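Here's the structure we're looking at; comments come further down.
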Amino acid sequence: MVARWYRPPEIILMCKNYDTKIDIWSMGCIFCELAYMWDNPQNDPEERFIFKGNSCYPLSPDKSEMGDNAKKVQISENDQMIKILETLGK
């Protein structure tokens, strides 16, 4: 189980074969956030997240954007994978 904001792309893309590199990704996110908080102690703790997505399709689609048609899933612009790509690039 990996919290949404620390999920690596392998888990988001539902790869069946992954290894301990997913833990390295999560630790890297946490260390980056700690460094940010160390440099900016007056900032709001909620702003520390690097990849702050609201959904993680297909693991947890944003149900508020699904509307009445549950079969038609729209990927939110705040999706976790999109936030990762915006920050790190393709």
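Worth pointing out:
- Inter-site label distance for Ile82 and Glu10 at 7 Å from Cα along Cβ, in nm: 2.6
- Other residues lying with their Cβ under 13 Å from the Cβ of Ile11 contribute a combined charge of +1, Lys and Arg counting +1, Asp and Glu -1.
- Across region 12-23, coupling constants 3J(HN,Hα) worked out from phi with the 6.51/-1.76/1.60 Karplus curve, θ = phi - 60°, read 4, 7, 6, 5, 7, 10, 9, 9, 5, 4, 5, 6 Hz, and Gly and Pro carry x.
- Cβ-defined net charge surrounding Gly28, 13 Å radius [Lys, Arg +1; Asp, Glu -1]: 0
- For Ser26, Ser55, the sequence from fewest to most other C-beta atoms within 10 Å is Ser26, Ser55.
Read-outs: derived from the displayed coordinates by stated rules, not from any lab. Quick caveat, the model's predicted, so the values are computed rather than measured. No Cβ is skipped: glycine too gets one built from the backbone with ideal geometry, and neighbour counts run over all protein chains shown.
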